[in-house]
Amino acid sequence: MSKTRILQVGPLTERFNQRIAREHDVTPLWQQADIPAFLAEQGASFEVVATSARAGCKVELIDALPNLKAICSFGVGADSIAVAEARQRGIQVSVTPDVLNDCVADLAIGLLIDTARQLPASDRFLREGKWLSGNYPLTRKVSGKNLGIVGLGRIGKDIAKRAAGFDMSIRYHNRRQDPESAYGYEADLLALARWADFLVLACPGGPATRHLIDAEVLAALGPQGIVVNISRGTVIDEAALVAALQSGALGGAGLDVFEAEPKVPEALFAMPNVALMPHIGSATEETRLAMENLVFDNIRAFIDNGEVLTPP
Ligand code: 8YV
């Protein structure tokens with residue numbers, strides 16, 4: 001067991017919790033009876049924080065750990081971690097990129113089909129015995145449509161690869177054009193939304209993308225358009241989304257993420273053109289194990305060589 005003291009911010013799987021306790025000198029922060037008193041007394045003894053995209057690491061926690069040197073997080077998103085403040089203080093940060101691309105991209109395509117073909121609502125229709133009195137209404141075709149991707153990063157590219165198998169035309173919006181990408185670049189998000197049948201959001205969360213998808217973008221996507229969000233709930237103005245779905249200004253929404261998880265606007269529950277998932281993009285046995293292993297690899301690399309492997 002190494003001498004480096006690790007502070008674990010929130011619980012992960014039982015397997016993760018047991019392994020970190022076996023391999024490291026770890027203290028579970030969430031189990032402390034009086035967290036501020038604990039941090040005041042012992043904060044200076046921790047060099048590493050183990051956390052997750054959900055539990056995060058705010059600047060207040062960094063302030064309470066004056067000898068902190070590395071923050072190793074489970075999850076690819078770094079929007080809940082004070083990355084800029086950490087960097088200013090020479091604290092390294094790691095996340096778990098790439099190992100979850102397949103599963104998140106799979107879910108994006110799944111949500112797109114779910115929403116366009118109304119699979120959750122069709123399933124409910126059958127279970128409720130309604131098929132006995134008539135057929136389910138017609139829905140919308142998926143193959144061959146125009147797909148706009150907001151955020152052509154690692155996950156966005158894997159979504160595009162899958163969508164090509166459905167003969168979709170693909171264009172994307174990023175802050176800057178990707179010189180390596182052969183897909184059409186659209187600098188103007190509104191123009192992309194106007195062109196697209198489906199708009200899939202795969203950009204990072206955080207202040208730079210907060211409410212990027214607002215009432216105007218949703219109106220440009222239009223009454224037959226569908227938005228799919230597998231990034232962060234904050235990227236969509238959720239109140240505007242609910243209003244656009246209620247008025248028919250937007251055709252449908254497939255959502256894995258929400259502004260105030262685990263709270264989801266109840267107005268969405270009864271809508272047949274909406275598919276709702278409890279933030280399960282990376283939540284498969286295989287991918288979650290790979291993510292856990294990458295957190296351990298980062299902690300080990302930092303302790304042994306002073307460098308994390310996969311910064312955000
Ligand atoms: C997880 C995620 O739900 O990778 C991310 O950024 O949002 C998801 O994979 C999250 O890491 C759980 O804390």
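The values are calculated or read from the model by the stated rules, or taken from the named source; none is laboratory data. Nothing here was measured: the structure is a model prediction, and the numbers come from that model. Methodologically, a virtual Cβ is constructed for each residue, glycine included, from the backbone with ideal geometry; neighbour enumeration extends over all protein chains shown.
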Residues (surrounded by fewer than 16 Cβ atoms within 10 Å (Cβ to Cβ) and of a type in the set (D, E, K, R)) located in region 167-209: Asp167, Arg175, Arg176, Asp178, Glu180, Asp188
Residue check for Met277: in contact with a Phe, Trp or Tyr (Cβ under 6 Å, 6 or more places away or on another chain) and buried (at least 18 other Cβ atoms within 10 Å of the Cβ): no
Evaluation of Asn67 against (1) over 22 Å from the mean Cα position of the chain (by Cα); (2) closer than 28 Å to Pro204 by Cβ (one fails), failing number: (2)
Looking only at region 64-87, and only at residues there that are more than 26 Å from Ala37 (Cα to Cα) and out of contact with any Ser or Thr (no Cβ under 7 Å at 6 or more places or on another chain), the one that is surrounded by the most Cβ atoms within 10 Å (Cβ to Cβ): Ala78
Exclusive hit being within 13 Å of the ligand (Cβ to nearest atom), among the aliphatic types (A, V, I, L, M) and farther than 29 Å from Asn305 by Cβ, set Leu126, Leu107, Leu100, Leu112: Leu107
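Give the number of residues within region 2-34 that are assigned to a loop (DSSP other than H, G, I, E, B) and either in contact (Cβ under 8 Å) with a residue 12 or more places away in the chain or under 27 Å from the mean Cα position of the chain (by Cα) (or both).
Residues flagged as assigned to a loop (DSSP other than H, G, I, E, B) and either in contact (Cβ under 8 Å) with a residue 12 or more places away in the chain or under 27 Å from the mean Cα position of the chain (by Cα) (or both) within region 2-34 amount to 9.
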Those residues of region 106-154 which are exposed (fewer than 13 other Cβ atoms within 10 Å of the Cβ) and either closer than 30 Å to Glu180 by Cα or among the β-branched types (Val, Ile, Thr) (or both), in sequence order: Ser143, Gly144
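Can you report the number of residues in region 243-252 which are in contact with a strand residue (DSSP E or B) (Cβ under 9 Å, 6 or more places away or on another chain) and surrounded by fewer than 24 Cβ atoms within 10 Å (Cβ to Cβ)? Show your work before the answer.
From region 243-252, those in contact with a strand residue (DSSP E or B) (Cβ under 9 Å, 6 or more places away or on another chain) are 244-245, 250-252; that's our starting set.
Still in the running and surrounded by fewer than 24 Cβ atoms within 10 Å (Cβ to Cβ): 245, 251.
Count: 2.
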Number of the exception - Val49 against (1) touching a helix residue (DSSP H, G or I) at 6+ places or on another chain (Cβ under 6 Å); (2) β-branched (Val, Ile, Thr); (3) more than 12 Å from the ligand (Cβ to nearest atom): (1)
Hits in region 122-160 (condition: aliphatic (A, V, I, L, M) and without any contact (Cβ under 8 Å) to a residue 24 or more places away in the chain): Leu126, Leu132, Leu138, Ala160
Selection status of Gly10, within 16 Å of the ligand (Cβ to nearest atom) and out of contact with any Gly (no Cβ under 8 Å at 6 or more places or on another chain): yes
Pair list, Cβ under 8 Å, 6 or more apart: region 203-221 residue under 12 Å from Ser231 (Cβ atoms), other residue in a helix (DSSP H, G or I) and of a type outside the set (A, V, I, L, M, F, W, C): Cys203/Gly156; Cys203/Thr209; Gly205/Gly233; Gly205/Thr234; Gly206/Thr234; Thr209/Thr234; Arg210/Thr234
2 or more residues of a type in the set (A, V, I, L, M), within 16 Å of the ligand (Cβ to nearest atom) and within 29 Å of Ile20 (Cα to Cα): qualifying helices (runs of 4 or more DSSP H) within region 196-312: 285-305
Given (1) touching a residue at least 12 places away in the same chain (Cβ under 8 Å); (2) of a type in the set (Phe, Trp, Tyr); (3) more than 16 Å from the ligand (Cβ to nearest atom), index of the condition Phe38 fails: (1)
Residues that are over 25 Å from Val257 (Cα atoms) and in a loop (DSSP other than H, G, I, E, B), drawn from region 54-70: Ala64, Leu65, Pro66, Asn67, Leu68, Lys69
Failed item in (1) out of contact with any strand residue (DSSP E or B) (no Cβ under 8 Å at 6 or more places or on another chain); (2) not assigned by TED's automatic domain parsing to the domain that holds Thr234; (3) not basic (Lys, Arg), with Asp25 passing the rest: (1)
Matching residues, region 57-79, being under 15 Å from Gln8 (Cα atoms) and near the ligand (Cβ under 9 Å from one of its atoms): Ser73, Phe74, Gly75
